[in-house]
Amino acid sequence: MYRLGIEIQMEQDVESTVTVRQPKLPKQTWDDVPKPLQDRERTKQKIQRYVRKDGKCNVHHGNVRETYRYLTDIFTTLVDLKWRFNLFIFVLVYTVTWLFFGFMWWLIAYIRGDLEHIGDNQWTPCVNNLNGFVTAFLFSIETETTIGYGHRVITDKCPEGIVLLLVQSVLGSIVNAFMVGCMFVKISQPKKRAETLVFSTNAVISIRDGRLCLMFRVGDLRNSHIVEASIRAKLIKSKQTKEGEFIPLNQTDMNVGYDTGDDRLFLVSPLIICHEINQHSPFWEISKEHLAHEELEIVVILEGMVEATGMTCQARSSYVASEIKWGYRFTPVLTLEDGFYEVDYNSFHDIYETNTPSCSARELAEVTARSRLPLTWSVSSRLSTQGLPDSQEKRSAAAEELAEQNGDVANIESESKV
């Protein structure tokens, strides 16, 4: 049953990345539509993500007028290009330089008159065996790539050819360093390493150690580990300030263990990342009912260094409100076998339902505080006013108060479940 629910949820995730633009109706026409139908139309609209499930940011830059800034950092621009454009520029740069210097060698031979004395043994040309543009082009390739077949060679009677040889050698080295470096960085980018860093399909909210927590699971499919791995989480939600300023897609940090060091991971096996919903959490006043109507997104970012290359790698994912399951926990995936631990990734995304209050964390804290008040206040007041001399009577009175408190807490939990 859980696996079937996960497959259905995964299909919803795939569909939720696509945005369907509904035709805009005039305000008066939209007001004439009954409210239930309005709510139904809104729920039919696909959720617009800020970060997609595969980690790609769903943001497009438009109306960028200062495009010259891309040329000031031409190296990064070339690295960020797609492979087909990168290979095209790689071939184009080498071809243009070979053709340019081939034309220069042909021009020197033409000006000196070497092309008019082909086969004349009494004439000393600038480049031996250069009899046209094709041979000049081949000599340019041999010079820049330092092949040197030995058939075409420059003579010492051509000072302008010697200068051109020096210029082509220097510029050729610069072109080689730039283009080969660009290709090396492009190949060694750790983007594909993030493909084996997986996040759970859903995030869950349940009670852990007596407190309401939001949790999600991360895992690494490779045997080579991520060094110095760290996790971050941000809440993406539009807000309006007290002064009336509207801030679209406001980013709020979510504490996932920064104070205690739990955000630094030893990612050998799948880990459950926990965010405690306290008074500093953006989910402090959100209940199960409110969560279903919230327009929010949680972006999780996993960073670390690739053990094999030492380069920094980053993997991202996100959870919208419909992917946060209230009252669920993750199914354990780690089992002890004969001499080793085994991770079952078939259950990585599986969750199971558990008893969880549907109220917000703030309401739960207030109820818990009210239930604890008689234990801390009434017992001490009774002892001070009545002045019980016997320690046995004191302990019996405290036990009665504790029993009353446990009964109140049980009634509260039963009401919250209902």
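Just add up the charged neighbours of D259: K/R +1, D/E -1, any other residue whose Cβ is under 14 Å from the Cβ of D259. Can you show the working numbers first?
Details: positive: R232, R264; negative: D253, D262, D263, E276.
Result for the local shell: -2.
Just the C-alpha atoms of the range 87-181: what Rg/Rh do they give, with Rh taken as the Kirkwood radius? Can you show the working numbers first?
Working: Rg = 13.7 Å, Rh = 13.7 Å.
Taking Rh as the inverse mean 1/r over Cα pairs, Rg/Rh reads 1.00.
Taking the alpha-carbon centroid of each part, what is the distance from the range 305-319 to the range 112-184 in angstrom?
Each part reduced to its Cα centre gives a spacing of 46 Å.
Could you list log10 I(q)/I(0) for the range 210-270 at q = 0.12, 0.13, 0.22, 0.23 Å⁻¹, which the Debye formula gives when each Cα is one point scatterer?
Each listed q maps to, in turn, -0.47, -0.54, -0.97, -1.01.
I need two numbers for the range 304-376: Rg to one decimal and Dmax as a whole number, Cα atoms only, in Å.
20.2, 61
Across the range 125-140, in residue order, what do the Karplus-derived ³J(HN,Hα) couplings come to in whole Hz, using 6.51 cos²θ - 1.76 cosθ + 1.60 with θ = phi - 60° and x for Gly and Pro?
x, 6, 10, 5, 6, 9, 10, x, 5, 5, 5, 5, 5, 5, 5, 5
Between beta-carbons, use under 13 Å as the cut-off and find the net charge around L164, counting Lys and Arg +1, Asp and Glu -1.
Working: positive: R112; negative: E144, E160.
Counting the neighbours of L164, the net charge comes to -1.
Taking 0.36 nm per residue of sequence separation and subtracting the Cα-Cα distance, how much length would be gained by fully extending the chain between F184 and Y352, in nm to one decimal? Present the calculation step by step, with values, prior to reporting the outcome.
Working: separation 168, 0.36 × 168 = 60.48 nm, distance 4.63 nm.
Between F184 and Y352, full extension yields an extra 55.9 nm.
Quick query: amide H of L265 versus all other amide H atoms, modeled in the peptide plane; which residues come in under 5 Å with a sequence gap of 5 or more or a different chain?
Those lying under 5 Å, H to H, from L265 are A229, S230, I231.
So if R0 is 41 Å, what FRET efficiency would T67 and H151 give, r being the distance between their Cβ atoms, rounded to the nearest 0.05?
The value I calculate is 0.30.
Check K325: other-chain or 5+ apart residues with amide H under 5 Å from its amide H, H built from backbone geometry?
Long-range HN contacts for K325: A203, V204, I205.
Taking the Cα atoms of the range 193-365, what is the range of coordinates along each of the three principal axes, in descending order and whole Å?
Answer, in whole Å and largest first: 56, 37, 27 Å.
None of the figures in this text is laboratory data; all of them are computed from the coordinates on show. On a predicted model such as this, the values are computed, not experimentally measured, just so you know. Neighbour counts are summed over all protein chains in view; Cβ atoms, including those assigned to glycine, are modelled from backbone coordinates with ideal geometry.
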